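Here's the structure, in structure tokens; my notes come after.
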Amino acid sequence: MDGNLEISLDKLPIKRLESIEENGVERYPSDSSYDEKRVSLIRRIDFAWALEDDEERERKKRQKKSSKDASATWQWQSMVENLQLAHQELSVIIDLINTVDANDAVTVAGMTRPKPLPNEVLSDLAVSAATKLQCYRQLGKYFKQSAKALEEQIAREARFYGALIRLQQNWKVKRQRLAAAASSSEGFIIDLFDNSLYDSAAMCRPSSLSTIRVDHDSAGMLAINLPPNSCRSLHFGFLGVHSADIPKELGKIRTRGSVEQCTREREKESMSDDEYIKETHTLLREVHQSIFDDQVFEMLNREAFNQSIGVNVTGIRENYLQLSIGQGNTLFISLVPSGKGDDQDAANTQDSESAIVPLDSFDNVKLEGKHGTSKRKWGFPNRTSCEIYLQQIVHEHAFVKAKDKPNLSGTRVSGQSGKDGPGLLGHFCLSLAHRIFSNRVLVELENVVCRVPYLHLMTHPTWHSQTSSWTIFLKVPQSILHAESQSLKSDFQNMKDAVKSQFRTKVVVNDDRINVEGDGAPNVVSLFKRSSENISSVNKYECDLADLPVIILLQAASQVICWLHEEALMVGIKTNRDFLCLTFELEQGDTVSLVAHVNPEDIKGGIAWWLVMEDGSPDDWKLQMDMYDGASEYRKFLGHLTLDVLYSTLMDLVSLCGGGRNH
Amino acid sequence: MNKGTGAGTGPTAAAAAAAAQKQKTMMQRVETDIANIVDNFTQLVNVARVNDPPVRNSQESFMMEMRAARMVQAADSLLKLVSELKQTAIFSGFASLNDHVERRTTEFNQQAERTDQMLARIGEEAAASLKELESHYYSSAQRTPDTA
């Protein structure tokens, strides 16, 4: 308060006569209580000065506004002053209210709000409008945020369900409702187990990989997470030829199943959805193949414990099976993780060499020293083709057979028990044993044929896993035939076969039995009758691998002799034919023979020829070039002759016979 | 399981009734949610008027927040419904799925046959080539013996 101080005077606190009654009684006012006195004092508070101050303030404000430009005032000065005044007034009012509140006798009768000024009304309205506007803006932001979140959710779900629908085209998608309640994901799983294809006897327990959970990744896309090294693949090899560790090319092909998750996360960002779904398809296919390989191995294990033909287990441990297939060959079948590293390869190799529990001795593992390491490797079929073959026969037996039970082709495997024949494993072992053996037979045949120029080898694919067939042709040169056909007219019309153009020797290998069938050797009947009947006799016999070269050469030599015999007959010379000897009779009982000598070890040629002359009379002069047993004969080594030279020799002998006869 | 085509009894009728009931429930949910959204939005627009007592404005602002939350909740519920429909489509679209599976099976069988034919042809050609090569080889003057 400034300005003049106003003073109000109260009456003296003395009792003044209020009234006198007629009887002279004086009435004085009653004493007021303390509270009444306080109330009366409160009522005397006058706020007019405050109102006057307000009016003055308003006047000054208007003056200030007019002169605002002239003076540089702080823009918040008036607000500060207003707030200070308001604070003062509020303090007074609060004191008053506290006083009234403390005094129970006095209560607030009523409060009236002062009539707001127009600007106050408008400012209140503006504040309310601004508040409401702010509220709506916040709502707007909230809606935008929610919309964005929902759109993202829609996009994520669209990606997820789109991918899931595409996966469902090829794979069995199931839903686990209990898992859905427990976890945040919807509980989708992909079931890779096919339980409709196995009968109860061959029922395999479901693999742990059969059920694959579909998860969400950080971007909302579906993700399939497999534990590392969970996929396993079938691994096949021959002991001593192939190592038990995983070949690098196989490891490279099958590393997708064990790709680390972080690399997949990084790759996913750059990959489109289509590519990612293709990757997922590939991964599921690898798991499917892994499950199939597990089933194959389990089936083989089961068969290994049944006694069946062709199965000879020599070693077994977890995920490893070793079998002997005869002829000193041993193979192993194992299950290895697809994505194993190099350090585990070494461990695997060591384990395979040391930790095997052999059921049989290992002597059969070492092959004979006759063939070197290169030969051993060459004679063995390709391991990948063997793996494929094994998988194929199991697939046909377990899958195709289960579907088409009455249809069993003759070349397929019976596959049930060992009583009726070899099971799957037995069939596989027998096939491999035959394949190895037939390779060795082929080596021997080629060795023989390569050394004899007039022998040709022809392979006949049998398309049977346990049978192989070759034919060795002995071809007579065309020129000789042509010359023969000119000299011969119709003298021997009864000889329908005339001269053969080629002789055949057929070699058939069934499992490990070699059958040789060839024509050209004289039959026993004609030998007894000492007649050269033009019957093409066929010899059939079995032999061992070691004897095969000799047998082939003997057969070829006998065919040459047969041919020479027929050629001699063509020109009218009677000759005696023995197994490997063609004898011409000269005068005076002398004989000259053309003898074949076979030697498979001869690198210059397998068949060598000798000329042996036998003297009919023991007293005649004999030229003794080589006398071995003291017999009256002499021999001349002619060497490894071609058919042309043999024919010429024959003609010389024929002329010798003819000239001698003429004499 | 022999599913009869007659109506009234049997698993087909029960499945059809269950499907109809489910469809009805879903339609009700859709209608409820959409009505919820429309109603709350209408209320939001209605309280745009600025009232004199500021306390009413505060009350209205709380109400607006509540209604906005309800709208978003209803939208989320609709989206969940859509997800359920998608899942139902995945697990119940047997007709199209079976057609697709049959088509793929036919394709794969044909591919298997073609592969078998191709393998047989390859075998035949290989046999013919082998025969020709062998005849050429053994007719040639030079033959390299395969020694150990």
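The values are calculated or read from the model by the stated rules, or taken from the named source; none is laboratory data. None of the values given here were measured: they were computed from a predicted structure. Don't worry about glycine lacking a Cβ; one is built from the backbone with ideal geometry, like all the others, and counts go over all protein chains shown.
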What do you reckon, is B:S58 without any contact (Cβ under 8 Å) to a residue 12 or more places away in the chain, more than 10 Å from chain A (Cβ to nearest Cβ) and among the hydroxyl-bearing types (S, T, Y)? no
Determine the pairs where a residue that is of a type in the set (A, V, I, L, M), located within segment B:1-26, has a partner that is at pLDDT below 60 and assigned to a loop (DSSP other than H, G, I, E, B) with Cβ atoms under 6 Å apart, the partner being 6 or more residues away or on another chain. B:A13/B:A7
Of all the strands (runs of 3 or more DSSP E) wholly in segment A:279-347, which have at least 3 residues that are at pLDDT 85 or above, touching a strand residue (DSSP E or B) at 6+ places or on another chain (Cβ under 6 Å) and of a type outside the set (A, V, I, L, M, F, W, C)? A:320-326, A:329-337
Do you know which of the residues in segment A:106-126 that are in contact with a helix residue (DSSP H, G or I) (Cβ under 8 Å, 6 or more places away or on another chain) and within 14 Å of chain B (Cβ to nearest Cβ) is modelled with the lowest pLDDT? A:P116
If B:L119 satisfies every condition in (1) farther than 30 Å from A:G379 by Cα; (2) more than 8 Å from every other protein chain (Cβ to nearest Cβ); (3) not polar (S, T, N, Q) but one, which is the exception? (1)
Within the group B:L85, B:L79, which residue is more than 19 Å from A:C135 (Cβ to Cβ), more than 7 Å from chain A (Cβ to nearest Cβ) and aliphatic (A, V, I, L, M)? B:L85
Among residues of segment A:450-462 being touching a helix residue (DSSP H, G or I) at 6+ places or on another chain (Cβ under 8 Å) and at the interface with chain B (Cβ under 7 Å from one of its Cβ atoms), the residue farthest from A:P549 (Cα to Cα) is A:P461
Here's a check for you: in segment B:88-102, which residue that is part of a helix (DSSP H, G or I) and within 10 Å of another protein chain (Cβ to nearest Cβ) is surrounded by the fewest Cβ atoms within 10 Å (Cβ to Cβ)? B:S96
Could you please let me know if A:I190 is in contact with a Phe, Trp or Tyr (Cβ under 6 Å, 6 or more places away or on another chain), at pLDDT below 90, surrounded by 14 or more Cβ atoms within 10 Å (Cβ to Cβ) and more than 28 Å from B:S58 (Cβ to Cβ)? yes
If I ask for residues that are more than 9 Å from chain B (Cβ to nearest Cβ) and either assigned to a helix (DSSP H, G or I) or of a type in the set (S, T, N, Q) (or both), which ones from segment A:163-176 would you list? A:A163, A:R166, A:L167, A:Q176
List the residue pairs whose Cβ atoms are under 7 Å apart, where the first residue sits in segment B:114-141 and is closer than 29 Å to A:V452 by Cα, the second is assigned to a helix (DSSP H, G or I), and the two are 6 or more positions apart or on different chains. B:Y138/A:V449
Determine which single condition A:A498 fails, assuming it passes every other condition in (1) at pLDDT below 60; (2) of a type outside the set (K, R); (3) surrounded by 15 or more Cβ atoms within 10 Å (Cβ to Cβ); (4) closer than 20 Å to A:C581 by Cα. (4)
A:Q168: surrounded by 15 or more Cβ atoms within 10 Å (Cβ to Cβ) and touching a residue at least 12 places away in the same chain (Cβ under 8 Å), yes or no? no
